[in-house]
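Notes follow once the structure below has been shown.
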Amino acid sequence: MQFQRNRPGRGPQFELDGSTLLVTGGTGSFGRTFIERCLKTNVGEIRVLSRDESKQDELRRKLGDPRLRFWIGDVRDPSAVDDVMRGVDHVFHAAALKQVPSCEFYPIEAIKTNVLGAENVMRSAVDHGVRVCLVLSTDKAVYPVNAMGMSKALMEKLMVAKSRRAGGTVLCATRYGNVIASRGSVIPLFREQLLSGDPITITNPAMTRFLLTLAESVELVLTAFNHARAGDIFVRKAPACTIGDLALAMQAVFGRSSAIRVIGPRHGEKLHETLVSGEEMARADDLGEYFRILADHRDLNEQPSLTNGTVKTCEDYTSNLTTQLDVAQITDLLKPLIGEPSYA
C-alpha cells in the first residue's frame, strides 16, 4: 500500500487557542509528547489527571509551564473525573492499562480502567458540555484475543453508543499500533539487553507489528480532533516489520551483536495485528494518510444499511499485508529516536 500525503476532508474544526484541555494519563509516553506539542500553541490551560505523583512532579519540573495544572486522581473514580472536568473544553483520554500479559492475569483491572474508567470520562465530558472528547484505542481492539484488546474494544463500542446521544459533545476515537519509544514497548527492552550484553529475547521472528512514532501518534490525534464527527474512529496507515528484523535493526543501531533467543509468544499475543477489520474497511473513508471509520448511527428499527443493502467485501488491514520495512529502513527509523527520554 502506498502512503499518500493527502489531507483528510474537512470536518468540524476546533481551535486549541485559549482552550482548556484535559489529558488523562498525561504522564505516560503519549501524554508527555502530546502535552509538549500542545504547549507550542496558544492553548489556555492543560490539566493532567493521573495517579503517579512522582511522574507528575518530574513533568512539572521538566516543562515548567504555568499553563500546566496537575490533578492526582484515578479515572475509575467518577468524583475525581467530575472535579477535573469543570470548565474543560476538550478531553484527550489516554489513561489505560496497556500491558497485554498483565491484563491477562488481572482482566478485571483492565475492565475497571479501560472500560469503566473510559465511561466515567465520557459521561462527565457530556455532562459538563465538553466540545470534543477523544479516546485512544489500539489495534488489539480489532478481533481481540486478549483482555487488554477486549477492554479497548468495549471502550470503542461505548464511545460509539454514547456518541448517538451526546448532545453538543463530539465523542470520537483514534486507533493505532505499536508506538516506537513508548514505555512498555519492546524497543527499550532490546536496548537494555544490548547494552548489558544479554541475549535479545524475541517471541517469534515472523511476528509482525505496525510501527508508529510518538510524533505520528500525536498528529493522528490532532487530525481526528480537527476532522472527526460523532462516533468516528480515525486510523493512521502505518508500515510494519517482523520482530526478527526489528532485533537485527537494534543491533545495527547500537553497533553490537548479541545472541538472539526465541522465547515464544507471551500471554495473549497474536502473530499479526489488525488495525481495521474487513467489515470496517467496507464503510471506511480513505483519506490518504488515514482511514476514517464511520459509526453506524441507525437505531434499533430496521433501516437501510450504510451501503444501502449492498455487500462489499474488503480485506482486513493487517500488519502482515501493509508495507513491510526491511532492516535498513527500520534502522533509519530508529536512529533519531534512540536519544528520546522514553528509552531511559
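Only the coordinates and a few stated rules stand behind these numbers; no lab work does. Everything numeric in this text was worked out from a predicted model, so none of it was measured. FYI the Cβ positions are ideal-geometry reconstructions off the backbone, even for glycines, and counts take in every protein chain you see.
Data overview
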{"quantity": "In nm, spacing of pseudo-spin labels at A206 and R60 (7 Å Cα→C-beta vector)", "calculated": "5.2"}
{"quantity": "Hydrodynamic radius (Kirkwood) for region 88-170, which is based on Cα pairs only, to one decimal in Å", "calculated": "12.8"}
{"quantity": "Rough spin-label spacing in nm, given labels placed 7 Å along Cα→Cβ, for K40 and I108", "calculated": "4.5"}
{"quantity": "At q = 0.10, 0.13, 0.17 Å⁻¹, base-10 log of I(q)/I(0) for region 1-145 (Debye sum, equal scatterers on each alpha carbon)", "calculated": "-0.37, -0.62, -1.01"}
{"quantity": "Cβ-derived FRET efficiency at R0 41 Å, R261 paired with T323, nearest 0.05", "calculated": "0.90"}
{"quantity": "Charge dipole magnitude, Cβ of K and R +1, D and E -1 - region 73-176, Cα centre, debye nearest 20", "calculated": "360"}
{"quantity": "Farthest positive-ward along the chain dipole, Cα basis, beta-carbon charges - from M159, F105, V81", "calculated": "V81"}
{"quantity": "Cα-centre dipole for the chain with unit charges at Cβ (Lys and Arg positive, Asp and Glu negative), debye to 20", "calculated": "300"}
{"quantity": "Interchain or long-range residues, amide H under 5 Å from V262's placed H", "calculated": "I202"}
{"quantity": "Whole-Å distance, taken between Cα centres, linking region 28-93 and region 110-145", "calculated": "17"}
{"quantity": "Three-way shape label, the chain, alpha-carbon gyration tensor, a/c 1.5", "calculated": "oblate"}
{"quantity": "Violating pairs (Cα-Cα greater than 29 angstrom) within the set K40/K162; K112/K335; K55/K140; K55/K270; K55/K112; K55/K162", "calculated": "K40/K162; K112/K335; K55/K270; K55/K162"}
{"quantity": "Quotient of Cα Rg and 2.2 N^0.38 Å for region 159-302, N being how many residues it contains", "calculated": "1.31"}
{"quantity": "Dipole-positive endmost among Q251, G44, V327 within the chain (Cβ charges, Cα centre)", "calculated": "G44"}
{"quantity": "Longest exposed-site-free window of the chain, the sites being trypsin sites (Lys or Arg not before Pro) in a DSSP loop that have at most 13 other C-beta atoms within 10 Å", "calculated": "166-255"}
{"quantity": "Segment S196-L300, extension gain: residue separation times 0.36 nm, minus the distance between their alpha carbons", "calculated": "31.6 nm"}
{"quantity": "Sites F254 and E15, calculated FRET efficiency, Cβ-Cβ separation with R0 41 Å, nearest 0.05", "calculated": "0.45"}
